[in-house]
Amino acid sequence: MDTPFKTIIEPFRIKSVEPIRFTTRAERAALLTAAGYNPFLLRAEHVLIDLLTDSGTGAMSKHQWAGMMRGDESYAGADSFYRFEAAVRDITGLKHILPTHQGRAAERVLFGTVVNAGDIVPSNTHFDTTRANIEARGASALDLPVPEGRQPALRAPFKGNMDLAALERCLAENPGRVPLVMLTITNNSGGGQPVSLANLRGARDLCRRFGVPLFLDCCRFAENAWFIKQREPEWAAVTPLEIARAMFACADGATMSAKKDGMANIGGFLALNDDGWAERAKNNLILTEGFPTYGGLAGYDLEALAVGFYEALDEDYLRYRIRSIEYLGEQLTAAGVPIVQPTGGHAVYIDAKAMLPHLPPGEYPAWALSCALYLEGGVRGVEIGSVMFGRQPDGTEKPAAMELVRLAFPRRVYTQSHVDYLAEVIRHVHARRERLRGLRMVHAPAVLRHFTARFEALGGGLMT
Ligand code: F0G
C-alpha cells in the first residue's frame, strides 16, 4: 500500500451497532453449571465476546444488504440464482453450481451421490461434519496432514498441506475404493493453516494419475489465497481473485460453506464438473434442499452471496482480517501462552495440552480451558480436542492428536479493543492455569457429541 503509516485499521465504519451484555463472574458460574459445562448450551445473550465460530456470524456490507432488496424469490429460474451462479463460476471456473443451505448440505448431497460403504475418502484433515457425513455412508474419512501440521509450536508456512507421499500410498493400495480426494482450505481442524498452491497442484497431479477426482472443501478459500500471496513468492504480485482461480483450477469440484468466505449468514454450494455426477447430485438436492436454482436458500440469500464472495477477496479486507488474528497471537505469544504457530486465517488456537500438562486427555483439558475463558471473562471459544474427536466410529475412545481451544473471529464484527480485552482475559486465565480442574462427561450422544454433551467439574469446581 502506498502510505507511510503502519497501523492497519478496520477497513469499514459502523452503520448499525449490536449491543453486547456484561455479566458478573458469579452469574457466569451459575450459567455454566446450568449448561452442564457445555458452552454450546449457553444463551448467546450471556456471552460478551462470542468466538464460538466464524460461521454465519459476520457483518454484511451495505452492498450486500442492498443486493438483498433485489432478491428474486421465483421458485425456478430466479435472477438471483443467475447472479449467484455467475459469481461462483467466475471465481471457481467449475461447470455445475448447486446452491445449498450450508456446507454440510453440500457434503451430504455429494457423498450421498458418490460415496458407498467401504470407500475411503482421504483429506488433509476432514472437518467434523465432513467426517460425519462420510461415516454416515459407511465409508472411512482418512486424515493425511503433513507431519508439521500436528506440531502446534512449530512455525511453517503451509501447515495445512496434505502429505502427498501418504496420499500416493493410499491411492496405490486402494484401487477402486477412493471415489474422491478432498482438500480443506484452509485446514480448519488443523489450526486454520493454509494449503500451498504447490501442494494443491501436487495433489491434483496424483489424483489425475490415479483417475480420482479432487474436491476442495473451500469454506475459507479467500483467506487461503491471501496466505499464498504472502508466503509463496511466485504469487506475491497476483491478486487474491487470480490466486483463487488458480486454486480452483486444480479441482474437479468443491463443497462450500458460504457462511465463512461468502460473508453471509447462511448459504453454501456444491460445484462440480462431471455431468453424470451433477445430474445425480441435482436429484439428490431436490429431495432435501430444494429446486436446483435455490437449493434451500431465499433469493435474497443468493444475492448477498453473489456480492460477498468478491468482498472476501478484497485485499484491504484480507489484510485487516489476517492481521487481527495475528495481533492476538502476538500478544499471547509475548505472554507465554502456547498457541498454534503461526496464527491461521480465521482463528487463534490455544494449545491446552501444553498449557495444562496437569490435566490428562481423559479430563478434557481444552474443554476445561474453554469453560474457564467463559467463567473468567465471558468469552466463548470452542474445544477442538478429545470431546470433539475422541470417540471412534466403533464406539471406543482415543485421545485426539491435539487439545486445542479455537477462538474464531466473526468477519467484520469485533474491533481492536475487543481483541485487547480478549488478550487480557486469556493472560488472566493463563496466570491461574494450575488452579484449573478437569471435567467428567456425564451425558454424551453417539455422534457429534460436543454439541450436546454435559459435564461435571472434577475436584470441587472448575477453578479451585
Ligand atoms: N467444512 C469446514 C472446513 C468447516 O469449517 C465447516 C463449518 C463445514 C465444512 C460445514 O459447513 O457449518 O455451513 O454446514 N465450520 C463451522 C466452524 C461450523 O465453526 O468451523 P456448515
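No other residue among T239, T255, T288 is surrounded by fewer than 17 Cβ atoms within 10 Å (Cβ to Cβ) and within 16 Å of the ligand (Cβ to nearest atom) apart from T288. If the condition is being outside any loop (DSSP other than H, G, I, E, B), polar (S, T, N, Q) and touching a strand residue (DSSP E or B) at 6+ places or on another chain (Cβ under 9 Å), then segment 51-97 contributes only T92. Looking across segment 413-435, just one residue is outside any helix (DSSP H, G or I) and surrounded by 19 or more Cβ atoms within 10 Å (Cβ to Cβ), and that is Y414. If you check A335, A372, A354, A366 for being of a type in the set (A, V, I, L, M), under 22 Å from L439 (Cβ atoms) and surrounded by fewer than 23 Cβ atoms within 10 Å (Cβ to Cβ), only one passes: A354. With respect to H101, is the statement that it is within 16 Å of the ligand (Cβ to nearest atom) and not hydrophobic (A, V, I, L, M, F, W, C) true? So H101 passes the test. Of everything listed in (1) outside the structural domain of C250 (by TED's automatic domain parsing); (2) in contact (Cβ under 8 Å) with a residue 24 or more places away in the chain; (3) away from the ligand (no atom under 16 Å from the Cβ), the single unmet condition for A34 is (2). Scanning segment 136-153 for residues being surrounded by fewer than 17 Cβ atoms within 10 Å (Cβ to Cβ) and within 16 Å of the ligand (Cβ to nearest atom) gives a total of 1.
This table checks each residue for (1) surrounded by 18 or more Cβ atoms within 10 Å (Cβ to Cβ); (2) among the basic types (K, R); (3) within 11 Å of the ligand (Cβ to nearest atom).
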position	(1), (2), (3)
A203	yes, no, no
R209	no, yes, no
A225	yes, no, no
E234	no, no, no
I266	yes, no, yes
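When P4, P19, P11 are checked against the criterion of being within 27 Å of P240 (Cα to Cα) and surrounded by fewer than 13 Cβ atoms within 10 Å (Cβ to Cβ), a single residue qualifies: P4. Being surrounded by 13 or more Cβ atoms within 10 Å (Cβ to Cβ), out of contact with any helix residue (DSSP H, G or I) (no Cβ under 9 Å at 6 or more places or on another chain) and under 30 Å from G461 (Cβ atoms) is not true of T24.
Each residue in segment 49-72 was checked for being in contact with a Phe, Trp or Tyr (Cβ under 6 Å, 6 or more places away or on another chain) and more than 16 Å from the ligand (Cβ to nearest atom), and 2 of them qualify.
A quick yes/no check of all residues on (1) free of Cβ contacts under 8 Å to residues at least 60 places away in the same chain; (2) under 28 Å from D394 (Cβ atoms):
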| position | (1), (2) |
| --- | --- |
| F158 | no, no |
| M162 | yes, yes |
| C170 | yes, yes |
| R177 | yes, yes |
| I185 | no, no |
| N188 | no, yes |
| G192 | no, no |
| G202 | yes, no |
| V212 | yes, yes |
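Looking across A244, A236, one residue alone is under 18 Å from the mean Cα position of the chain (by Cα) and among the aliphatic types (A, V, I, L, M). It is A244. All but one of (1) in a helix (DSSP H, G or I); (2) charged (D, E, K, R); (3) surrounded by 24 or more Cβ atoms within 10 Å (Cβ to Cβ) hold for K159, so report the exception by its number. In the conditions (1) in a helix (DSSP H, G or I); (2) charged (D, E, K, R); (3) surrounded by 24 or more Cβ atoms within 10 Å (Cβ to Cβ), K159 misses (1) alone.
Every listed requirement among (1) within 16 Å of the ligand (Cβ to nearest atom); (2) among the aromatic types (F, W, Y); (3) more than 30 Å from L375 (Cα to Cα) is met by F40 save one, (3). Across segment 370-387, the qualifying residues are those that are over 20 Å from the mean Cα position of the chain (by Cα) and in a helix (DSSP H, G or I), and the one among them that is nearest to E397 (Cα to Cα) is C371. Which of the residues belonging to segment 182-197 are of a type in the set (A, V, I, L, M, F, W, C), out of contact with any Leu (no Cβ under 7 Å at 6 or more places or on another chain) and more than 10 Å from the ligand (Cβ to nearest atom)? Scanning segment 182-197 gives a single hit, L197. Which pairs have Cβ atoms under 9 Å, sit 6 or more apart or on different chains, and link a residue in segment 52-71 that is closer than 17 Å to H101 by Cα to one that is within 16 Å of the ligand (Cβ to nearest atom) and of a type in the set (S, T, Y)? The qualifying pairs are S55/S257; G56/S257.
When you look at G381, is it surrounded by fewer than 20 Cβ atoms within 10 Å (Cβ to Cβ) and in contact with a Ser or Thr (Cβ under 8 Å, 6 or more places away or on another chain), yes or no? For G381, the condition - surrounded by fewer than 20 Cβ atoms within 10 Å (Cβ to Cβ) and in contact with a Ser or Thr (Cβ under 8 Å, 6 or more places away or on another chain) - is not met.
When segment 109-130 is filtered for residues that are within 14 Å of the ligand (Cβ to nearest atom), crowded, with 23+ Cβ neighbours inside 10 Å and not in a loop (DSSP other than H, G, I, E, B), the ones remaining, listed by number, are V109, L110, F111, V121, S123, T130. Filtering L458, L407 for residues that are in contact (Cβ under 8 Å) with a residue 12 or more places away in the chain and surrounded by 19 or more Cβ atoms within 10 Å (Cβ to Cβ) leaves a single hit, L407.
Among the residues of segment 121-134, how many are at pLDDT 95 or above and either of a type in the set (A, V, I, L, M) or more than 15 Å from the chain's Cα centre (by Cα) (or both)? Counting residues in segment 121-134 that are at pLDDT 95 or above and either of a type in the set (A, V, I, L, M) or more than 15 Å from the chain's Cα centre (by Cα) (or both) gives 4.
The values are calculated or read from the model by the stated rules, or taken from the named source; none is laboratory data. No experiment lies behind these values; they were computed from the predicted model shown. Positions of Cβ are generated from backbone atoms using ideal geometry, with glycine treated the same way; all protein chains shown enter the neighbour counts.
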